[in-house]
1. For the chain, what is the calculated [θ] at 222 nm in deg cm²/dmol (nearest 500), taking -39500 (n - 2.57) for each run of four or more DSSP H residues and dividing by its residue count?
2. Report, to two decimal places, the Cα Rg of the range 17-91 normalised by 2.2 N^0.38 Å (N = number of residues).
3. Per q in 0.15, 0.17, 0.21 Å⁻¹, report the Debye log10 I(q)/I(0) for the range 277-372, using one uniform scatterer on each alpha carbon and no solvent.
4. Tell me, what ³J(HN,Hα) does each residue in the range 265-277 have, in order and in whole Hz, if you take phi through Karplus 6.51 cos²θ - 1.76 cosθ + 1.60 with θ = phi - 60° and put x for Gly and Pro?
5. Given R₀ = 22 Å, what would the calculated FRET efficiency be for residue 257 paired with residue 233, taking r from the Cβ atoms and rounding to 0.05?
6. Could you give me the ³J(HN,Hα) list for the range 70-80, computed from phi with Karplus coefficients 6.51, -1.76, 1.60 and θ = phi - 60°, whole Hz, x at Gly and Pro?
7. Using only C-alpha atoms and all pairs of different ones, pull out the Kirkwood radius for the range 333-424 in Å with one decimal.
8. At a 10 angstrom cut-off on C-beta neighbours, averaged per residue, how do the peptides 332-343, 207-218 rank from highest to lowest?
Amino acid sequence: MEPDTRLFIDRARLRACQWRKLRSIVLHLATTDGFYSRKFHEHGIRVTSLNRIEDFVQQMPFTHKAELLQDRLAHPPFGSNLTRPFEHYTRFCQTSGTSSGLPMAWLDTSESWEAMLACWRRVFQGADIQRGRDRLFFAFSFGPFLGFWTAFEAAARDYLVIPGGGLSSQARLEMMARYGATCLCCTPTYALRLGEMIGAPSGVERMALRVNKIIVAGEPGGSIPEVRARIEQLWDARVYDHHGMTEVGPVSYEITERPRDLVVIEEAYLAEVVDPATGLEVPEGAHGELVLTTLDRAACPLLRYRTGDWVCRGEHGGRLILPGGVLSRVDDMVVVRGVNIYPSAIEAVVRQFPGVVEFMVEQKKVDAMDELELMVEVAEDAPKNLLKRLETRLRDTFSLRIPVHQASPGSLPRHEFKARRWRKLAA
């Protein structure tokens with residue numbers, strides 16, 4: 001895949017390129033004795049009869065995370081969806097397990113790994129990161145999660161990169177100031193946490209920092225207007241959102257000209273936005289679930305994978321875009337007294353109150369009905385009526401009473417990676 005940040009593209013040429021890659025993958029999968037060859041057989045799919053993308057979409061069933069989990073249980077520990085001899089695989093990563101409770105391991109060959117690095121370079125180019133000018137600081141510890149490694153390695157090909165693993169937040173701020181980092185890479189939650197330490201809490205003043213761009217990923221917060229605005233206010237820097245997942249790799253990026261819209265890297269993915277109930281593509285401007293087929297990560301491919309990401313389908317310059325980014329997770333919605341509630345919507349309200357340091361939503365059953373309560377830690381200088389004002393704002397936004405309670409300082413968990421701010425309590 002050739003790195004290219006141009007938004008405009010010849011759609012017909014793009015589709016032809018996608019089909020060449022997809023046909024090669026499908027024909028190869030049919031010759032293996034693995035996950036997809038069995039799926040072809042079970043659904044009566046003759047791959048030689050697939051002559052265009054439309055045939056593939058009409059005949060190929062979706063791939064669900066539950067299927068992949070079951071395949072790994074049946075063929076431990078890596079599953080049967082490997083298309084190369086085992087000795088060709090050189091990279092290991094695993095999912096966080098936040099949605100299923102069971103992490104899944106993923107293996108990549110050097111070729112598939114390079115394909116993902118090319119996607120990450122698109123992210124940096126979209127944010128107009130310049131060689132020789134920008135210094136990227138990575139504020140996370142390097143665990144088994146894909147995004148950490150691919151982002152860092154891709155950046156290291158073209159820019160000066162500064163690893164911030166194994167350091168305290170204080171040490172990270174001091175390091176950014178000392179070495180003149182101009183771009184911070186982390187989750188939205190951690191960008192907020194670090195930003196709130198600038199000044200008196202850390203002794204590192206804003207004027208000592210050269211950070212003017214922040215690339216965030218791992219959570220929807222980068223496209224939530226209230227979260228984004230708060231981060232940009234704290235850092236006096238421009239936020240660029242990005243999204244991807246371990247199962248497929250880096251998927252989309254933001255460009256300067258279209259804030260809060262994510263451009264899908266269609267050279268690397270066949271992307272669909274479907275109605276979860278019917279499985280049919282939704283029209284432009286409508287909302288649906290993002291479905292992805294990998295085209296370059298061929299050593300562990302996924303065909304029509306239901307990502308669980310709830311997005312709006314948009315188009316611009318011949319490309320698929322996601323206006324507003326990833327809006328939520330399909331399975332995150334809860335119904336409380338007839339009102340549909342998404343975690344991102346709760347966070348959007350909470351972030352309107354800078355005095356909130358951290359929060360946790362607690363969901364429990366009361367008389368067989370779901371109820372929500374909000375636990376918040378507040379800053380020392382927060383207004384005394386903050387909790388009441390927040391409760392009123394929640395009621396006005398959702399037409400629903402959500403009690404707000406104050407938690408003791410430091411009692412709620414802090415997060416560097418994916419924040420988990422929704423807790424289901426036993427009935």
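1. Calculated mean residue ellipticity at 222 nm is -9000 deg cm²/dmol.
2. Working: Rg = 13.2 Å, N = 75, 2.2 N^0.38 = 11.3 Å.
Taking N as the residue count of the range 17-91, the ratio is 1.16.
3. -0.82, -0.95, -1.14
4. In residue order, the calculated couplings are 7, 6, 5, 10, 9, 8, 10, 10, 10, 10, 6, x, 7 Hz.
5. The pair residue 257/residue 233 has a calculated efficiency of 0.50.
6. Once θ is set to phi - 60°, the couplings for the range 70-80 become 5, 5, 6, 5, 7, 10, x, x, 9, x, 10 Hz.
7. 13.6
8. Numbers: 332-343: 14.1, 207-218: 20.5.
Highest-to-lowest ranking by the protection proxy: 207-218, 332-343.
Every number here is computed from the coordinates shown, using simple stated rules; none is lab data. Source: prediction; values computed, not measured. Every residue, glycine among them, receives a Cβ derived from its backbone with ideal geometry; neighbour counts consider all protein chains shown.
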